[in-house]
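Enquirer: Please see the structure below; I have some questions.
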Amino acid sequence: MIGPDGRRYIYGEGGPGPCPTFRVRDRATLLKAALDPSLGFAEGYMNGHITIEEGDLYDIVLVAVMNFDKVGLSGLARLRQRLRVVFRRLEQLNLPGASRRNVAHHYDLSGELYDLFLDADRQYSCAYFPAPGLSLEAAQAAKKAHIAAKLRLEPGMRVLDIGSGWGGLGLTLARNYGVDVVGVTLSQEQLALSRRRAELAGLAGRVRFEPVDYRKIDGQFDRIVSVGMFEHVGAAFYDTFFNKVSSLLAPDGVALLHTIGRSGPPGATNSFIAKYIFPGGYTPALSELMASVERSGLVATDVEILRLHYAETLKEWRRRFLANWDKAEALYDARFCRMWNLYLASSEASFREGGQVVFQVQLAHDAGIVPMTRDYLYEAPEDQRVHDAAQ
């Protein structure tokens, strides 16, 4: 680190290649970073008061993530973090109105932005890499196939997709597995594109997208799936969410929850992410998620932990975003691009070294409704599954 006075501070014993170096250009930024390292560094970088002198931004945040628990926080920063943990439920008080505002903050950004780094199907969640060297497109197709296998779909089934995004999963399930899908989202941008895609695909009669809060859904469904939405529920509403899933799921039904989680105990959302990227968001510990599942009366029939899959997904997203920086800056501005760069870089580092993972939790009312082993997920030879995913 190069301080405001030009003095260089070197940490660690070094290694091959250039030493990642950043410069803090004023003392006020240094003080903010000491009081809240995540937010202070982020705002300093976004505002141009912290600049990368050598190496890549990812190299620097990776060092920070790897050493965070070893070094710890200053006294005031530690107190601030403890208070955020204590009051996290207030920060995540995602009542219907707040949920809509929080969703709009992120998902109602220009669709052109997401086209700069996502695959053509706009899958904005962890891809699945059953074999090394898969493209992002193939890995996202593999993710959808893996989820479909866990749902045990049969033609004519009624499927609910909670947090349906831009419609890719719902359309794939209807087209490839012959099911009828109801997808719900609070994002107006996602809703409009999903409906257009359904019309263009000739699936509007099989797939219906609605702007409905999960708490207001009625009916009964043979299968329920939720991918990348649970992170926006908030810990105070976990019981509400799983009670609703339990009431909507048919007695012989199967549900699949795909969510980012933390491998450690409950905590608080990173302050930079909470303020600028996902307000109201929180990634659960498995212990707090499963406690609510138990209270709902649902049975967990399978729990799978996807470890480095999201790190590889984010690596490719960031590579594409950096390649399209000029287009992103034309949509917004340089400060936004630096913010998005930090979001992607720090997220990849967190999944690679910071204890962030993805949980896939299969749920049912009847413990015997799915096979006793996981063999059914891998019935086709691996090379055939990879080939199918790539199509």
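Enquirer: Is the shape of segment 114-200 best called rounded, prolate or oblate, per the rule: a/c under 1.5 gives rounded, else a/b larger than b/c gives prolate, else oblate, with a ≥ b ≥ c the square roots of the Cα gyration tensor eigenvalues?
Expert: oblate
Enquirer: Once amide H atoms are built 1.01 Å from N in the peptide plane, which residues 5 or more positions from Thr301, or in another chain, come under 5 Å H to H?
Expert: Result for Thr301 returns Gln362, Leu363, Ala364.
Enquirer: Compute the Rg to Rh ratio over the chain from the alpha carbon atoms, using the Kirkwood formula for Rh, and round to two decimal places.
Expert: A ratio of 0.98.
Enquirer: Under a 10 Å cutoff between Cα atoms, tell me which one of Glu329, Glu348, Glu210 has the largest fluctuation in the Gaussian network model of the chain.
Expert: Comparing Glu329, Glu348, Glu210 in the GNM, the peak value goes to Glu329.
Enquirer: What's the angle, to the nearest 10 degrees (0 to 90), between helix 168-177's Cα axis and the longest principal axis of the chain?
Expert: 30 degrees
Enquirer: Can you give me the angle between helix 188-200 and the longest principal axis of the chain, using Cα atoms only, in degrees from 0 to 90, rounded to the nearest 10?
Expert: 40 degrees
Enquirer: Let me ask another. Which whole-number percent gives the relative contact order of segment 182-265, counting Cα pairs below 8 Å spaced six or more residues apart?
Expert: 31 percent
Enquirer: Hey, can you find the accessible area per residue of the chain for me, probe 1.4 Å, expressed in square angstrom?
Expert: Ligands and nucleic acids excluded, the result is 46 Å² per residue.
Enquirer: Relative contact order for the chain: what is it in percent, counting Cα pairs under 8 Å that are at least 6 residues apart?
Expert: Reported relative contact order: 19 percent.
Enquirer: Can you order the peptides 286-292, 251-257 by their average number of other Cβ atoms within 10 Å per residue, highest first?
Expert: Listed from highest to lowest mean packing, they are 251-257, 286-292.
Enquirer: Under 27 Å Cα-Cα from Lys275, which lysines qualify once same-chain neighbours fewer than 8 residues away are excluded?
Expert: Qualifying lysines at Cα under 27 Å: Lys32, Lys70, Lys315, Lys327.
Enquirer: On C-alpha positions alone, give me the angle between the axis of helix 309-323 and the longest principal axis of the chain, in degrees, nearest 10.
Expert: Here the helix axis deviates by roughly 60 degrees.
Enquirer: Moving on. Whats the longest run of the chain with zero trypsin sites (Lys or Arg not before Pro) that are DSSP loop and have at most 14 other Cβ atoms within 10 Å?
Expert: No qualifying site falls inside 8-306, the longest such stretch.
Enquirer: Same structure, new question: Starting from the Cα-Cα distance between Ala131 and Asn67, subtract it from 0.36 nm times their residue separation and give me the gain in nm to one decimal.
Expert: Extra length available between Ala131 and Asn67 comes to 20.0 nm.
The values are calculated or read from the model by the stated rules, or taken from the named source; none is laboratory data. Given the structure is predicted, the values throughout are model-derived calculations rather than measurements. So basically every Cβ, Gly included, is an ideal-geometry build from the backbone, and we count neighbours across all protein chains shown. For the accessible areas, the whole protein counts, side chains as well, though only heavy atoms, and no ligand, DNA or RNA atoms are used. Shrake-Rupley method; radii C 1.70, N 1.55, O 1.52, S 1.80 Å.
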